[in-house]
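Attaching a single structure in structure tokens format; questions to follow.
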Amino acid sequence: MSDHPSYRIYYFGLLADRRGLREETITSGAATPAAIYAELLAIHPLGMHAEHLRVAVNDEFAAWDHPLQPGDTVALLPPMSGG
């Protein structure tokens, strides 16, 4: 059993396609969205650098260095295109 907190991760757009799911709960010792995303990139072929994404924590846009609290939700939002 891990002593690390859990976070709910939401994937949107191309990231959801590449991950093969839209949401998951992970356990991580990461303290920021940037650190969580780095962990995810190390194990999943997401193929996008953080500087090309926006991140939201608990349904509000946040900086990549925003401090996380146990149970936070983290949404990863790639650039959107439409017509």
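Nothing in this text is a laboratory measurement; each read-out follows from the coordinates by a stated rule. The shown structure was predicted, so the numbers you read here are calculated from the model rather than taken from an experiment.
Hey, any idea what Rg/Rh is for the chain, computing Rh the Kirkwood way over Cα pairs?
0.95
Turning to a different aspect of this structure: If you take every DSSP beta bridge whose two residues both sit in the chain, what share of them, in percent to the nearest 5, is antiparallel?
Around 75 percent antiparallel, to the nearest 5.
How far is helix 33-43 tilted, in degrees, relative to the longest principal axis of the Cα atoms in the chain, given as a value from 0 to 90 rounded to the nearest 10?
80
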